[in-house]
Amino acid sequence: MKDYFCTGSCECGQTRYAVTHEPLFTHLCHCTRCQKRTATAFYITIMVPEKEFMMISGETQNIFSTLDNGAQFGSHACPECHNYLYHTNMNYKGIIMPTGGTLDDTSWLDPKVHIYVKSKQPWLEISAGDRTFHEMYDLAEVWPKESLERLAAI
Ligand SMILES: [Zn+2]
Ligand SMILES: [Zn+2]
């Protein structure tokens, strides 16, 4: 596993993935759809270029839905335990969004950006200094320059 930046797996362990380089960005989404989808308070959204993501065992079952803005949204789950391993969004072509909770090691995660805080759970306190957005942000204003350059090269 040393060649990978990180690996992730579903609850039953049958379906596994790897990410080869440091992700472009990580944020937390507090929208009500993500709360439903993850069955908890927010979705840890990790964004990686498609070519830096690979399945290392098993195959996902792919379910597609349409978001409020009309974009096609893909949910990719283990066919056995139905854990969502990653998502795709037609508005972010070439990007895979592994679900942070499925990482085998989450110790490196340090998300500092929160989106859709308008529907954040009221009992959840955001750390001082974190950036919060009512809804989504403009990538050019929030992502580091290096990530924007990698995104432009996709
Ligand atoms: Zn599974
Ligand atoms: Zn969301």
With (1) of a type in the set (A, V, I, L, M); (2) surrounded by fewer than 18 Cβ atoms within 10 Å (Cβ to Cβ); (3) under 23 Å from Leu151 (Cβ atoms) as the list, and Ile115 as the residue in question, which single condition is left unmet? (2)
Which listed residue is away from ligand 2 (no atom under 12 Å from the Cβ), touching a strand residue (DSSP E or B) at 6+ places or on another chain (Cβ under 8 Å) and under 23 Å from His114 (Cβ atoms), from Ile46, Ile63: Ile46
Regarding Thr66, is this residue over 27 Å from Lys145 (Cβ atoms), within 16 Å of ligand 1 (Cβ to nearest atom) and of a type outside the set (D, E, K, R)? no
For residues that are exposed (fewer than 14 other Cβ atoms within 10 Å of the Cβ) and of a type outside the set (A, V, I, L, M, F, W, C), tally how many sit in region 23-60. 7
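Residues Pro122, Pro98: which one is modelled with pLDDT of 95 or more and loosely packed, with under 13 Cβ neighbours inside 10 Å? Walk me through how you get there before you give the answer.
On the way: Pro98 fails: loosely packed, with under 13 Cβ neighbours inside 10 Å.
One residue alone meets the criteria, Pro122.
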Residue pairs qualifying under the 7 Å Cβ cut-off, at least six apart or on distinct chains, with the first in region 19-47 being of a type in the set (Asp, Glu) and the second being outside any helix (DSSP H, G or I), are Glu22/Phe5
Can you name the residue in region 69-80 that is closer than 18 Å to Lys36 by Cβ and in contact (Cβ under 8 Å) with a residue 24 or more places away in the chain and, of all such residues, is nearest to ligand 2 (Cβ to nearest atom)? Ser75
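Would region 98-106 turn up any residue that is over 14 Å from Pro23 (Cβ atoms), part of a strand (DSSP E or B) and of a type in the set (Ser, Thr, Tyr)?
The answer is no; no qualifying residue exists.
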Which condition does Glu80 not pass, out of (1) touching a strand residue (DSSP E or B) at 6+ places or on another chain (Cβ under 6 Å); (2) within 16 Å of ligand 1 (Cβ to nearest atom); (3) of a type outside the set (Val, Ile, Thr); (4) over 17 Å from Leu28 (Cβ atoms), if it passes all the others? (1)
Filtered residue count, region 10-60, keeping only those that are more than 16 Å from ligand 1 (Cβ to nearest atom), of a type in the set (Ser, Thr, Tyr) and outside any strand (DSSP E or B): 3
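Conditions tested, residue by residue: (1) touching a strand residue (DSSP E or B) at 6+ places or on another chain (Cβ under 7 Å); (2) in contact (Cβ under 8 Å) with a residue 60 or more places away in the chain; (3) within 16 Å of ligand 2 (Cβ to nearest atom).
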| site | (1), (2), (3) |
| --- | --- |
| Met90 | yes, no, yes |
| Ile95 | yes, yes, yes |
| Thr99 | yes, yes, yes |
| Pro111 | yes, yes, yes |
| Ile115 | yes, yes, yes |
| Glu125 | no, no, no |
| Gly129 | no, no, no |
| Glu146 | no, no, no |
| Leu151 | no, yes, no |
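The values are calculated or read from the model by the stated rules, or taken from the named source; none is laboratory data. For clarity, every value in this text was computed on a predicted model and none was experimentally measured. Cβ: placed from backbone, ideal geometry, glycine included. Neighbour counts: every protein chain shown.
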